[in-house]
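Asker: Questions regarding the structure given below will be posed in turn.
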């Protein structure tokens with residue numbers, strides 16, 4: 001397996017995206033993987049752009065998504081402009097030990113770095129590059145991650161953050177956060 005396949009976290013992102021998306025939205029899905037979410041919301045908004053760092057994910061997403069979804073290989077959203085009204089991201093949120101890493105593209109899909117949130121923090125630090133002033137972002141995280149660090153980073157960056165959905169699993173709780181600029 002070279003591409004992260006949809007699981008409970010992907011389903012939570014899709015559920016929240018379907019509730020959140022408006023016909024006027026220009027949507028960016030960061031880390032699209034197989035294109036599962038981008039494909040389902042295509043046609044419900046003005047435009048959908050999906051990104052992934054993995055060449056395998058980009059190839060698979062391009063095969064699966066409807067023609068109206070543009071799939072781009074990039075790290076997070078490097079090279080994109082500030083035009084998006086809704087940004088979706090289901091980042092890797094586990095902290096893998098070195099013995100757990102396989103040394104392939106799947107490591108990037110699963111390993112969130114220190115506390116499971118390094119990737120989410122990097123996303124937050126750069127979010128203003130792509131999200132318009134009255135936009136909003138949806139971020140999926142796990143209670144297995146350092147959620148306090150994410151909340152502190154949002155406060156530091158002057159973002160408003162709120163839990164808008166939860167999904168309990170056997171060993172963790174997945175949370176969907178809505179993030180917006182504090183105005």
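Asker: Please work out if residue 70 is modelled with pLDDT of 90 or more and part of a strand (DSSP E or B).
Answerer: Spelling it out, residue 70 is indeed modelled with pLDDT of 90 or more and part of a strand (DSSP E or B).
Asker: To continue, here is another question. What is the residue count in region 18-58 for residues that are in contact with a strand residue (DSSP E or B) (Cβ under 9 Å, 6 or more places away or on another chain), more than 19 Å from residue 127 (Cα to Cα) and not in a loop (DSSP other than H, G, I, E, B)?
Answerer: Count: 7.
Asker: Moving on to the next point. Kindly indicate the residue of region 90-125 that is modelled with pLDDT of 80 or more and part of a loop (DSSP other than H, G, I, E, B) and also nearest to the chain's Cα centre (by Cα) among those meeting that condition.
Answerer: This residue is 90.
Asker: Sticking with this one: Which condition number does residue 14 fail, the rest of (1) in contact with a strand residue (DSSP E or B) (Cβ under 8 Å, 6 or more places away or on another chain); (2) more than 19 Å from residue 119 (Cα to Cα); (3) modelled with pLDDT of 95 or more; (4) buried (at least 17 other Cβ atoms within 10 Å of the Cβ) being met?
Answerer: Result: residue 14 passes all but (1).
Asker: Being free of Cβ contacts under 8 Å to residues at least 12 places away in the same chain, in contact with a helix residue (DSSP H, G or I) (Cβ under 9 Å, 6 or more places away or on another chain), surrounded by fewer than 19 Cβ atoms within 10 Å (Cβ to Cβ) and in a strand (DSSP E or B) narrows it down to one residue among 160, 166, 178; which is it?
Answerer: Exactly one of 160, 166, 178 is free of Cβ contacts under 8 Å to residues at least 12 places away in the same chain, in contact with a helix residue (DSSP H, G or I) (Cβ under 9 Å, 6 or more places away or on another chain), surrounded by fewer than 19 Cβ atoms within 10 Å (Cβ to Cβ) and in a strand (DSSP E or B), namely 166.
Asker: Six or more apart or on different chains, Cβ under 7 Å: which pairs go from a residue in region 124-151 that's more than 20 Å from residue 165 (Cβ to Cβ) to one that's in a strand (DSSP E or B) and modelled with pLDDT of 95 or more? Could you list them?
Answerer: Sorted first by the residue in region 124-151, then by its partner, the pairs are 130/28; 130/84; 130/87; 132/84; 132/85.
The values are calculated or read from the model by the stated rules, or taken from the named source; none is laboratory data. If you're wondering where the values come from, they're calculated on a predicted model, not measured in any experiment. Virtual Cβ from ideal backbone geometry, glycine too; neighbours counted across all protein chains shown.
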